[in-house]
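*Asks:* After the structure tokens below, expect a handful of questions from me.
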Protein chains: 2
Amino acid sequence: MKQFLLLLTHFILIVATSFAAAPVTSDGDDGYRLWLKYEPVTIPAIKADYLKYSGFIGQSSNGETIGSASKELQRGMQQLLGKSISVVSSPGNRAGGIVFKLKSETADKQDHEGYQIQLSAGNIVISSESENGLLYGAFALLRRLQMQQPLKNLNIASRPKVQYRMLNHWDNVDGTIERGYAGSSLWKWYELPERVDPRYEDYARANASLGINGTVLNNVNASARFMSQEYIVKVAAIANVMRKYGIKTYLSVYFAAPKTLGGLTTSDPLDPKVRAWWTEKVAQIYKEIPDFGGFLVKANSEGEPGPQDYGRTHADGANMLAEAFKPYDGIVIWRAFVYKADPNADRFKAAYEEFVPLDGKFDPKVIVQVKNGPIDFQPREPFSPLFGNMPKTPLGMEFQITQEYLGFAAHAVYEAPLFKECLDSDTYVNGQGSTVAKVIDGSLHGYTKTLMAGVANTGSDRNWTGHPLAQANWYAFGRLSWDHQLSAEQIADEWTRLTLTRDQKARGHVVNMLLRSREIYVDYNTPLGLSRPWMGVHFAPEPWQSRGSRPDWTATYYHRADSTGLGFDRTTGGSNALAQYQLQVQKQWNNPDKTALPYLLWFHYVGWDKKLSTGKTLWGELCTRLYAGADSVLWMQKQWDLAKVNLDPEVYTNVAQRLKVQHREALWWRDAWVLYLQSFARQPVPAEFEAPKQTLEDVKKSVNVYLIR
Amino acid sequence: MKQFLLLLTHFILIVATSFAAAPVTSDGDDGYRLWLKYEPVTIPAIKADYLKYSGFIGQSSNGETIGSASKELQRGMQQLLGKSISVVSSPGNRAGGIVFKLKSETADKQDHEGYQIQLSAGNIVISSESENGLLYGAFALLRRLQMQQPLKNLNIASRPKVQYRMLNHWDNVDGTIERGYAGSSLWKWYELPERVDPRYEDYARANASLGINGTVLNNVNASARFMSQEYIVKVAAIANVMRKYGIKTYLSVYFAAPKTLGGLTTSDPLDPKVRAWWTEKVAQIYKEIPDFGGFLVKANSEGEPGPQDYGRTHADGANMLAEAFKPYDGIVIWRAFVYKADPNADRFKAAYEEFVPLDGKFDPKVIVQVKNGPIDFQPREPFSPLFGNMPKTPLGMEFQITQEYLGFAAHAVYEAPLFKECLDSDTYVNGQGSTVAKVIDGSLHGYTKTLMAGVANTGSDRNWTGHPLAQANWYAFGRLSWDHQLSAEQIADEWTRLTLTRDQKARGHVVNMLLRSREIYVDYNTPLGLSRPWMGVHFAPEPWQSRGSRPDWTATYYHRADSTGLGFDRTTGGSNALAQYQLQVQKQWNNPDKTALPYLLWFHYVGWDKKLSTGKTLWGELCTRLYAGADSVLWMQKQWDLAKVNLDPEVYTNVAQRLKVQHREALWWRDAWVLYLQSFARQPVPAEFEAPKQTLEDVKKSVNVYLIR
């Protein structure tokens, strides 16, 4: 009865709120529920069908993660169908329910986390060899129910293509996030371990619903604090929540911690005291977190300490840590993102040069984590030449979900096409079809460990990601980490259905907009293979920046514009970075006349008047893309408006307002590039485009505002 | 009908959610609504009474702020009574409603924002000379209704004692908050001006409900960015929201902006070009924000630029800015928080020495904003000796709501007693009863401008303040800025009723806990007049820190412990800071035997074995307070538990978990002080207390963890 009164109270509140003249935030969809909205099923026949299996949830084995699966099904079914369902431990021969079935393990490790969903003896049966698999099966079923798909002939079997599917949080101890655009860190270090924010659980649910099974809580530019007992118990409190959803907790480590925290005189990986320190440290962690996932390491990169400080190799450093993990399941993930400050070198080549010679020298517990492209998460990059060239070392993929170079939280850029473009790239190392995806999923080289990581875009903002559409990037990363063969379109459609609207027409508009958004961004931001027109802020256009603390921290290093042309020659006549790829790949990209335009300036220095395959000169084509890109944001606005009636008003307004920011900034980018490159090309803007109304100095002035401390 | 379906959908959702096995965040009270929860009236007779006035809302004048008042009444009445009420513009002789009455202005400026609420001709009539007053009246009425107080003989008249009631946000352009413990900044600079977060409006509502009429959006360590047109339009978008709730928007300014942003060669306040730059800048702001509030300035303080860089005085700097505001209503608020790095000086005396000689030299548009104490927002300080000593210069009060020195978001410290202690302090400048409050409200010196500012504790956390009980500090500040005669107890009771529970007994437990919380914190943190045992982080105990970049940025500078005693001698035998006070105040504090114990070590160096009025030695009394303080956190936990059944479960758990953090950290503080001071006093811990189990080195080690980058 008290429960009921409480409900009634809620109801009255909501009635009142809904009529209120001035809406408050909480009236609309605030985005907190992500793609797990579980809104009531509206199609009567479908609902009737679903109700047939709403008699009970059969959970005959115990376990924290199975328990979470049952709870999630309860929650989901109740919200979808308005019916409370009990969990029974001995369903016996009962029919009309959903039954979890834990099967015995087989030899094929890839099956372990997989699941099957079938209709059997009047029940929906979700079976798996593991608790995680049952949880994933429950979420898969709920996804289907949310999309109001019929159950007839239900027969799903799915297993992950990649073993370690994880988020990397670049979250600092002070609560800030490096490259975070959605508020502050989710992790409240000053309140832990006693205070456990209930949000941690919703974070875990969202990830588990996609099949993500690991999370690295702290920034790769790591604080040594995390190796202290004080912080280990804080981490353990989070790990206790993650565990319930099948997620293992990992930490980034500061390589010099033995010195700075342990008080040793060195952090040399070959020093026995250092090795003992790490061994003891890992043991200390496992005492608090028995299923600890492992370490992620950024070493000898951008000023971070590492084994090279002692004349040792990356393998020496990684293997020392791997040794400390020997008694446990944990792994060592070693980042390949390294490049030296050499004015004559090509940063493009750095990771390959450092790591390929080490192939075969890493401990089996080590995975080398490679960014998708050779530079740094640009709007478009060719795939990293490391993929395919380290057959004896498991290479993991590092994608960036947070939009560091993609307009922060103000630009709508759906990233699945970017991820897919890399995964589908052919390395040709074992002949045609040797895609990056096959490197990553282990099938090409027989890797025994496989990994896909995404640098998270989550933060404390109520809707998790700041831009409502950025939720789709988290979703897409998760889904692709499970199955890289899903198409960008399928994922977009799924996400839109679950998150924004079930209406087919409205969905079409939104999906179209999502699918084109990345190419539109590339057009106004870095067309034709331009890259890195940023200095430190990575926000405003700064292609003119030529002074930095090191040569590869300038913008001019990357585009090399001068009075005769533009672009970075990476052929034999230039840095010859192309030589790091297989011949067939070189062939794609070594001839400027045959190089696909999106990659042109990545590999070639091209004259301003060079005629491209479009029939336009380089200058003309650049202008065309910059103008078209900026104009296309208006097209995006139009698509969004066409979906309006089928969208939650708060979400509609939120995105509509951000699309206005995006358009203003797209024009800014366009003008910056056009005016800056014009100062070299010395040609008028083609007559069909209205020349920028501002001068280059005007643009620089407005950019400089954002460089003021 | 669509509306109804929507409601039904919501209802089903809620039914379902409430039964769900695993609660998600959104199930409980997430604290977002603050003290404006408007939960349904539960007492039938009271409800019937209220319904008598629910026929209509009479709003005969137009205006954005009156409109907000009507909307808020609609929203409130609907949620409280479950009834939708229309706003009518011509109520005529209708009875049974709530009528707004805008009266003509009188000469008494203090009346302008005041309001009256009376029963008249069958209506509740809210009258005021201003739109703001009507809004404040509406909120006052709603407060009464929320507390379920009878309307019989309703006759309220209230007017603010202070003219400028404002929050100071120390929010940076990068979204971080200096001394913020509740997430990131509310202001999303990268999304503005197009994207206007609906939360801005809820922020404005919360402030207006307390009578706050101004907000300074950015940190006093100000970025010059805010003086750019790019940022002015962003600020204007926020100001447009604030205006609806009678709140003026202010900015902190970077004094060197004419150089760094304007490209001038100097920022000398007497330079005509500099003066012209500011004049033009202010005009530019008013073009976008016609009701702009003014500037807040931190100059020549902690490394910030200022007029002294050019051999000019604070008055020169402030008056230059005041001149720029001449055509407008805006004001200049100049902070008195200055102190030089002089190893032989007493920082206590710095502000007085700098500012008292300038009394009478400031433009009438300038208010000098003074921190409550002479040092820096310590858990307890004597009142600043500036109060009472600048009769010709309006002095405003600067309180700190955010808990920089009060345990961040982990410790429950209700600040109203701290605020009141300062406001009620007697300066004796015009004889007994010359309280700080009378300085601040202008009655003592006839100030024509009066101001009370609070450094905000708000952030992007869903519940605004991180610690749920920290909401009470925002509330208390706001209420006291309107009426400093309200008691800490009355405010605590009001807040608890509005926010946590209407149950009288539970309320009693919570209010008791709140009222004692600050003294408990002082006991374990800085008993007997100790201060500033922190270095830069202001989190962990560091009384041993003796090396800093300047002498007054160490901990030992403040407590001066050695083998014979402890404390800072500020009598004639010492720094003689006491001489800055009136004789009667000196008399209170210049004799160690007569100095009230809470202030003892603020003014005296006291021997370890000195017998205090408690009958214990200094060492014994210090131990007693440190132990009692830490133990009292258990008492707080007990009070909170006693209220549990009447509290929302999510709020209960949130606070209960934080009280555990608080207890652990209180023991940490206790041990740090006891062990550190023991190294000087060389005496055992009194037998009745269990000596710390850890060593001083242990404590230092655990503190050092938090100093790692």
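*Asks:* Among (1) in contact (Cβ under 8 Å) with a residue 60 or more places away in the chain; (2) among the aliphatic types (A, V, I, L, M); (3) out of contact with any helix residue (DSSP H, G or I) (no Cβ under 8 Å at 6 or more places or on another chain), where does A:Ala555 come up short?
*Replies:* Of (1) in contact (Cβ under 8 Å) with a residue 60 or more places away in the chain; (2) among the aliphatic types (A, V, I, L, M); (3) out of contact with any helix residue (DSSP H, G or I) (no Cβ under 8 Å at 6 or more places or on another chain), only one is false for A:Ala555: (1).
*Asks:* Regarding segment A:17-32, can at least one residue be identified that is surrounded by fewer than 16 Cβ atoms within 10 Å (Cβ to Cβ), at pLDDT 95 or above and within 11 Å of chain B (Cβ to nearest Cβ)?
*Replies:* No: segment A:17-32 contains no residue that is surrounded by fewer than 16 Cβ atoms within 10 Å (Cβ to Cβ), at pLDDT 95 or above and within 11 Å of chain B (Cβ to nearest Cβ).
*Asks:* Which one is nearest to A:Arg312 (Cα to Cα) among residues in segment A:356-382 that are among the hydrophobic types (A, V, I, L, M, F, W, C) and in contact with a Phe, Trp or Tyr (Cβ under 9 Å, 6 or more places away or on another chain)?
*Replies:* Per the stated criteria, the residue is A:Phe362.
*Asks:* Further question: Tell me, yes or no, whether segment B:694-707 has at least one residue that is part of a loop (DSSP other than H, G, I, E, B) and more than 28 Å from B:Asp609 (Cα to Cα).
*Replies:* Within segment B:694-707, one or more residues are part of a loop (DSSP other than H, G, I, E, B) and more than 28 Å from B:Asp609 (Cα to Cα).
*Asks:* Let me ask something else. Taking segment B:152-185 as the region of interest, how many residues are assigned to a strand (DSSP E or B), within 14 Å of chain A (Cβ to nearest Cβ) and aliphatic (A, V, I, L, M)?
*Replies:* Residues flagged as assigned to a strand (DSSP E or B), within 14 Å of chain A (Cβ to nearest Cβ) and aliphatic (A, V, I, L, M) within segment B:152-185 amount to 1.
*Asks:* Scan segment A:542-575 for residues that are among the basic types (Lys, Arg) and either modelled with pLDDT of 95 or more or not in a loop (DSSP other than H, G, I, E, B) (or both) and report the count.
*Replies:* 2
*Asks:* Taking segment A:130-143 as the region of interest, how many residues are more than 16 Å from A:Ile57 (Cβ to Cβ) and surrounded by fewer than 21 Cβ atoms within 10 Å (Cβ to Cβ)?
*Replies:* So the answer is 2.
*Asks:* Quick one: which residue in B:Phe337, B:Phe348, B:Phe399 is of a type in the set (Phe, Trp, Tyr) and in a helix (DSSP H, G or I)?
*Replies:* B:Phe348
*Asks:* Of the residues B:Gly433, B:Gly446, B:Gly459, B:Gly442, which is at pLDDT 95 or above, within 14 Å of another protein chain (Cβ to nearest Cβ) and in a loop (DSSP other than H, G, I, E, B)?
*Replies:* Answer to the selection: B:Gly459.
*Asks:* B:Ser301 passes all but one of (1) under 24 Å from B:Asn576 (Cα atoms); (2) among the hydroxyl-bearing types (Ser, Thr, Tyr); (3) touching an Asp or Glu at 6+ places or on another chain (Cβ under 7 Å); which number fails?
*Replies:* Evaluating B:Ser301 over (1) under 24 Å from B:Asn576 (Cα atoms); (2) among the hydroxyl-bearing types (Ser, Thr, Tyr); (3) touching an Asp or Glu at 6+ places or on another chain (Cβ under 7 Å) leaves (3) as the failure.
*Asks:* Restricting to segment B:347-372, count the residues that are surrounded by 21 or more Cβ atoms within 10 Å (Cβ to Cβ) and either of a type outside the set (Val, Ile, Thr) or closer than 29 Å to B:Gly529 by Cβ (or both).
*Replies:* So the count comes out to 13.
For every residue, the table says whether it meets (1) under 18 Å from B:Glu230 (Cβ atoms); (2) within 13 Å of chain B (Cβ to nearest Cβ); (3) not small (Gly, Ala, Ser).
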{"site": "A:Pro649", "(1), (2), (3)": "no, yes, yes"}
{"site": "A:Gln662", "(1), (2), (3)": "yes, yes, yes"}
{"site": "A:Tyr676", "(1), (2), (3)": "no, no, yes"}
{"site": "A:Val685", "(1), (2), (3)": "no, no, yes"}
{"site": "A:Leu696", "(1), (2), (3)": "yes, no, yes"}
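*Asks:* Among the residues of segment B:277-324, write down those that are touching a helix residue (DSSP H, G or I) at 6+ places or on another chain (Cβ under 9 Å), over 19 Å from B:Lys361 (Cβ atoms) and among the aliphatic types (A, V, I, L, M).
*Replies:* Correct list: B:Val282, B:Ala283, B:Ile285, B:Ile289.
*Asks:* With respect to the numbered conditions (1) closer than 24 Å to B:Ala204 by Cβ; (2) of a type in the set (S, T, N, Q); (3) exposed (fewer than 14 other Cβ atoms within 10 Å of the Cβ), which one is the sole condition not fulfilled by B:Gln79?
*Replies:* (3)
*Asks:* Could you say whether any residue in segment B:658-671 is in contact with a His (Cβ under 6 Å, 6 or more places away or on another chain) and of a type in the set (S, T, N, Q)?
*Replies:* For segment B:658-671, residues in contact with a His (Cβ under 6 Å, 6 or more places away or on another chain) and of a type in the set (S, T, N, Q): present.
*Asks:* Same structure, new question: Looking at (1) within 13 Å of chain A (Cβ to nearest Cβ); (2) among the polar types (S, T, N, Q); (3) in contact with a strand residue (DSSP E or B) (Cβ under 7 Å, 6 or more places away or on another chain), which is the one condition that is false for B:Asn704?
*Replies:* Status for B:Asn704: all satisfied but (3).
*Asks:* Taking the condition within 14 Å of another protein chain (Cβ to nearest Cβ) and within 27 Å of the chain's Cα centre (by Cα), does B:Lys244 pass?
*Replies:* Taking the combined requirement at face value, the residue satisfies it.
*Asks:* Answer yes or no as to whether B:Gly478 is surrounded by fewer than 23 Cβ atoms within 10 Å (Cβ to Cβ), in contact (Cβ under 8 Å) with a residue 40 or more places away in the chain, more than 14 Å from every other protein chain (Cβ to nearest Cβ) and under 21 Å from B:Leu296 (Cβ atoms).
*Replies:* Taking the combined requirement at face value, the residue does not satisfy it.
*Asks:* Filter segment A:481-519 for residues that are free of Cβ contacts under 8 Å to residues at least 40 places away in the same chain and either under 19 Å from A:Arg33 (Cβ atoms) or among the charged types (D, E, K, R) (or both) and give the result.
*Replies:* Within segment A:481-519, A:Glu489, A:Asp493, A:Thr496 meet the criteria.
*Asks:* Test A:Ala628 against the stated conditions and say whether it is crowded, with 21+ Cβ neighbours inside 10 Å, in a helix (DSSP H, G or I) and not β-branched (Val, Ile, Thr).
*Replies:* Judged against the criteria, A:Ala628 is not a match.
*Asks:* Quick one: A:Leu210 ticks every box in (1) within 24 Å of the chain's Cα centre (by Cα); (2) closer than 20 Å to A:Asp291 by Cα except a single one, so which number is it?
*Replies:* With (1) within 24 Å of the chain's Cα centre (by Cα); (2) closer than 20 Å to A:Asp291 by Cα applied to A:Leu210, the lone miss is (2).
Residue-by-condition table, conditions (1) buried (at least 21 other Cβ atoms within 10 Å of the Cβ); (2) in contact with an Asp or Glu (Cβ under 8 Å, 6 or more places away or on another chain):
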residue	(1), (2)
A:Asn153	no, no
A:Asn168	yes, yes
A:Ser184	yes, no
A:Asn218	yes, yes
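*Asks:* Kindly indicate whether B:Pro258 is surrounded by 18 or more Cβ atoms within 10 Å (Cβ to Cβ), closer than 19 Å to B:Val368 by Cα and at pLDDT 95 or above.
*Replies:* No.
*Asks:* Mind listing whichever residues of segment B:651-660 are facing chain A (nearest Cβ under 10 Å) and in contact with a helix residue (DSSP H, G or I) (Cβ under 7 Å, 6 or more places away or on another chain)?
*Replies:* B:Asn654, B:Val655, B:Ala656, B:Leu659, listed by residue number.
*Asks:* Could you tell me whether B:Asp671 is assigned to a helix (DSSP H, G or I), surrounded by fewer than 17 Cβ atoms within 10 Å (Cβ to Cβ), away from chain A (no Cβ under 14 Å) and of a type in the set (Asp, Glu)?
*Replies:* no
The values are calculated or read from the model by the stated rules, or taken from the named source; none is laboratory data. Treat the numbers as computed from the prediction; the structure is a model and nothing was measured. In this analysis, Cβ positions are derived from the backbone assuming ideal geometry, glycine residues included, and neighbour counts consider all displayed protein chains.
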